[in-house]
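The structure under discussion appears below in the form of structure tokens.
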Amino acid sequence: MHIRNLAAADPQLADDHSCFGCPVRDLAICNSLTQIELAVFRDSGSKRRLQPGEPLCWEGDEAAYVYTVTRGTLRLSKLLSDGRRQVTGFAFPGDFLGVTMEDEHPFTAEAVSEVELCQYRRSRFDAFVDSHPHIERRLYSAAASELAAARDQLVLLGRKTAAERLASFLLQMTRRSEQSPGKPLRATLPMTRTDIADYLGLRIETVSRELGMLKTSGLVRMVGVHELWVLDREGLELRGAD
């Protein structure tokens, strides 16, 4: 597979790279840095913006950069040998991407919505981590969370029914969505139904049918194409066997 150029010369990169007002400051791996360390870290990177459908990297590309998602959602996928696509996950604001023991990206990452990222050349990032060991602990924590998510996904795909898979997914999405006091539990769904189906290992018709059953049961309510309210959290948890 041909390597796509992810160089900082991309015209979509912004010159301003201030961390002031960053919406994911408390979630990102850089939250362990002091103000002075953060300034050094900030100056070693740049911003990158993607439009919906635009790739950040392709499976097999050189892993030359690492990224922190600051806005929007990315879809992570792998192409199977028979041409089918398996969505392996989604990256949300605060998530860190690109760390690998290999020289190539193990997945394709594409923007689901408008996306903004902080981008760092991998060699410079590795040098920064070597001189700031405490950020390595944050990387370890992020890796542990990713491993736990991978285990959950194995259980979801290997043991759960279609209804359980969708219910579990919707509950996961409530934990990644902004909530408002006094309002029903909210799940923002920026991805398409096809993306959800490919993530859950289901047909899109099955996803639509199971979602309809959840609505008929009074467990959820769609309030837009990409937003859902959980009206009965306990009932949804029972449905998802979480």
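Every number in this text was worked out from the coordinates using simple rules, so none of it is lab data. Since the model is a prediction, treat every value here as computed from it, not as a measurement. Counting neighbours? That spans all protein chains shown, and the Cβs are built from the backbone with ideal geometry, glycine included.
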Counting only other residues whose beta carbon sits under 14 Å from that of residue 184, what net charge do I get with K and R as +1, D and E as -1? +1
Residue-span extension gain [residue 85 to residue 177] - 0.36 nm each, minus C-alpha spacing: 30.6 nm
Order by protection proxy (mean Cβ within 10 Å, highest first), peptides 39-49, 86-96, 123-133, 108-118: 108-118, 86-96, 39-49, 123-133
How are the C-alpha pair distances of region 160-240 spread across 5 Å bins, as whole percents from the shortest bin up? 3, 17, 28, 30, 17, 4, 1, 0
Order of 178, 136, 210 under a 10 Å beta carbon neighbour criterion, fewest first: 178, 136, 210
At the level of C-alpha centres, the distance separating region 37-75 and region 95-144, in angstrom, is 9 Å
Give me the Kirkwood hydrodynamic radius of region 29-156, using the inverse of the mean 1/r over all pairs of distinct Cα atoms, in Å to one decimal. 15.4 Å
May I ask you to derive the relative contact order of region 29-156, considering only C-alpha pairs under 8 Å and at least 6 residues apart, and to give it as an integer percent? 35 percent
Diffusion coefficient, µm² s⁻¹, Stokes-Einstein with Kirkwood Rh over alpha-carbon pairs of the chain at 20 °C and 1.002 mPa s: 111 µm²/s
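So, counting K/R as plus one and D/E as minus one, what does the shell of residues with Cβ under 10 Å around residue 72 add up to? Mind showing how you got there, number by number?
Numbers: positive: 49, 71; negative: 114, 116.
Within the 10 Å Cβ shell, the charges total 0.
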Rounded FRET efficiency, nearest 0.05, which uses the C-beta distance separating residue 36 from residue 206 and R0 of 51 Å: 0.45
Select from 98, 158, 212 the residue whose mean-square fluctuation is largest in a Gaussian network model of the chain (Cα-Cα springs shorter than 10 Å). 158
Check the straight Cα-Cα distances from residue 160 and name the lysines below 21 Å, setting aside those fewer than 8 residues away within the same chain. 215
Please give me the summed charge of the neighbours of residue 103: other residues whose Cβ is under 11 Å from its Cβ, Lys and Arg +1, Asp and Glu -1. -3
